[in-house]
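The structure appears below as structure tokens.
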Amino acid sequence: MMIVEAIPILADNYVWALHDGRSAVLVDPGDAPPILAWLEARGIVPSGILVTHHHWDHVGGLPALLDRFPVPVFGPTRGAAPSRPVADGDILDLPGLPWQVRVIDTPGHTRDHVCFVGEGHLFCGDTLFSCGCGRAFEGDPPTLYASLSRLMELPGETQVHCAHEYTLANLDFALDVEPDNPALQARDREARALRRTGQPTLPVSLARERETNPFLRCHLESVRVAASQHTGRALAPGAQTFAAVRAWKDEE
Ligand code: ZN
Ligand code: FE
């Protein structure tokens, strides 16, 4: 069984380590020292790196890591200078580990953002957050919505591993959109309890995100009505509601 553990780095990033107790593939190594300390404490050696996109908090640790461990880097072409550039649909054999992941192209946050899915685990970088989603920095909202719609097609039991611990702030906003959603209220109580004891709120199942994440609920009447009321105009469900909810969150 693939073991997946979070290595907290920087202010609120997680590096996800996929490992078997001996070798680890690291996702989005934004800063090297905490990763090196984590590896050393466990006697685990890195065997590969996956990169979702080129932002510094996801690739900043690459030079120092590769200096110590010259392992293959899989990712989009920009920023990370990957030794193995990836494209949508690629099936990657994880170096040193008996598992594979599939590449899903998810532009929107950046033009060349990718996600990795395998063994029931999704590594979604800054595309999908628990009860939130990435900002559309380089893509427009319809592009990001199309990418999130692709992630929505994965099985509900898929464990979602986001690159940031943004859940509590996202819950504040999600409850503004859907104050009467009981699944959201339950997730709020649970996530606050986890953070009080310093635990990650991640991973979270995709099924749970479908019940609680307003950005994955833009096809539903509750979110469409809330966004229409906020903007003061009648919105169509789907991409139009998504653009309005994304703009609403950007105001806060
Ligand atoms: Zn980013
Ligand atoms: Fe980030």
Of everything in region 112-135 that's within 12 Å of ligand 1 (Cβ to nearest atom) and farther than 29 Å from Ala186 by Cβ, which residue is surrounded by the most Cβ atoms within 10 Å (Cβ to Cβ)? His113
Determine whether region 167-177 contains at least one residue that is in contact with a Cys (Cβ under 8 Å, 6 or more places away or on another chain), within 16 Å of ligand 1 (Cβ to nearest atom), part of a helix (DSSP H, G or I) and not small (Gly, Ala, Ser). yes
Does Leu151 satisfy the criteria of being in the same structural domain as Gln240 (by TED's automatic domain parsing), surrounded by 15 or more Cβ atoms within 10 Å (Cβ to Cβ), assigned to a helix (DSSP H, G or I) and away from ligand 2 (no atom under 16 Å from the Cβ)? no
Which residue out of Gly89, Gly75, Gly96 is within 19 Å of the chain's Cα centre (by Cα) and either within 16 Å of ligand 2 (Cβ to nearest atom) or touching a residue at least 40 places away in the same chain (Cβ under 8 Å) (or both)? Gly75
Quick one: is Ala244 touching a Leu at 6+ places or on another chain (Cβ under 6 Å) and more than 30 Å from Ile7 (Cα to Cα)? yes
Among the candidates Pro76, Pro142, Pro107, Pro82, single out the residue that is assigned by TED's automatic domain parsing to the domain that holds Val25, surrounded by fewer than 22 Cβ atoms within 10 Å (Cβ to Cβ), over 22 Å from Asp20 (Cβ atoms) and within 16 Å of ligand 1 (Cβ to nearest atom). Pro107
When restricted to Thr106, Thr143, the only residue more than 25 Å from Arg187 (Cα to Cα), of a type outside the set (A, V, I, L, M, F, W, C) and within 16 Å of ligand 2 (Cβ to nearest atom) is Thr106
Matching residues in region 6-30 - criterion: being under 24 Å from Asn170 (Cα atoms), surrounded by 17 or more Cβ atoms within 10 Å (Cβ to Cβ) and not aliphatic (A, V, I, L, M): Asn13, Tyr14, Trp16, Asp28, Pro29, Gly30
Region 128-139 residues that are in the same structural domain as Thr110 (by TED's automatic domain parsing) and under 12 Å from Ala163 (Cα atoms), paired with ones that are buried (at least 22 other Cβ atoms within 10 Å of the Cβ) and charged (D, E, K, R) (beta carbon under 6 Å, 6 or more apart): Gly134/Asp126
Residues of region 177-218 being closer than 18 Å to Ala244 by Cα and touching a Phe, Trp or Tyr at 6+ places or on another chain (Cβ under 9 Å), which ones? Val177, Asn213, Pro214, Phe215, Cys218
What pairs come up if the first residue lies in region 225-238 and is polar (S, T, N, Q), the second is crowded, with 16+ Cβ neighbours inside 10 Å, and their beta carbons are under 6 Å apart, counting only those six or more places apart or on different chains? Ser228/Leu235; Thr231/Ala244
So how many residues does region 52-61 have that are crowded, with 23+ Cβ neighbours inside 10 Å and either under 16 Å from Pro8 (Cα atoms) or touching a Cys at 6+ places or on another chain (Cβ under 8 Å) (or both)? 4
Working carefully through the options Thr241, Thr212, find the one that is more than 27 Å from Pro8 (Cα to Cα) and among the hydroxyl-bearing types (Ser, Thr, Tyr). Thr241
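The values are calculated or read from the model by the stated rules, or taken from the named source; none is laboratory data. Nothing here was measured: the structure is a model prediction, and the numbers come from that model. Cβ: placed from backbone, ideal geometry, glycine included. Neighbour counts: every protein chain shown.
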